Structures are given as C-alpha cells and as structure tokens.
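First up is the structure itself, then whatever we jot down about it.
What follows draws every value from the coordinates through simple rules; no lab data is involved. None of these values were measured; they are calculated from a predicted model.
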Amino acid sequence: MPSIFRASAIMESITILVQYKIKKKKLTKATNAILEYVEQVKKNEPGTTEYTVFQDESDRTMFIHVMSFVDKAAKKTHEKSEYLKKLKKILVPISKGKAVYTSMVAVQSPISEENAEEIRKDMSSHEPV
C-alpha cells in the first residue's frame, strides 16, 4: 500500500470532497438550497475554514462540495447542524444516486500506515447524503 502524506502543521485539519448528481429538472431548486446552505455554514461555523461548491462545466447536474475543518470538533459541529439536515431533506429526493465522500490530506510529510488507518476510521462517521 502506498504511503500517505500529511503536513505536521495541519495534522488536525480535515478536508472532505462530496460529489453528487441532481435530476436535471430540479437544478434550480438544488442550486437555491445549496446557496442558502453555504451562507449558513459561512455565517455559523468558524471552525469550517473552507466551504466551496462547484458545478461541473460539462455536466451541470454534477455538484462538488469542498470543505475543510480545523479539527474533528468543527467537523462534528457541521454534521449536527440543522441547516445540513434541511439541505439533505431537499437534495436526497432530487439526487441521482448516492453522494460520494472523499477525505483528503495535504501531500507533505509522511505519516505511518497506522496513523493513516486512524484517519480512514475517522471518516466513517461522516454520513453520506
């Protein structure tokens, strides 16, 4: 198994990418809900250092959320928010398939496989949409 790298200065930092598709006829509804949601995240979550949503240029039904949290506590605060629950209630019925979650770390100094396994376990608590 290849080595996993992580910078010691950002050891606690957590970055997650979420990718999903929305039914074409529901794009306006999804976009409005996402914009409102991101506004709430930025307003209420100081531990969320980045939250950006992208839409695929060639497939407008594909959305990608990139989020970074200062630590596990900030991630948990995000996961328990009422506005995330509200977004899921809107998006799940109009989604095409399940969302794909990817946990990412910065490529810098190597960490042991043991620590890498712990990082993977931490991600298991992040429930998919």
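Taking 24 Å as the cut-off for C-alpha to C-alpha distance, list the pairs among K25/K75; K29/K76; K24/K98; K43/K72 that go past it. Don't skip to the answer; put the middle values down first.
Values: K25/K75 32 Å; K29/K76 27 Å; K24/K98 16 Å; K43/K72 19 Å.
Pairs exceeding 24 Å: K25/K75; K29/K76.
Compute for region 11-103: radius of gyration divided by Kirkwood radius, i.e. Rg/Rh, restricted to C-alpha atoms, rounded to two decimals.
Working: Rg = 13.0 Å, Rh = 13.6 Å.
Taking Rg over the Kirkwood Rh, I get 0.96.
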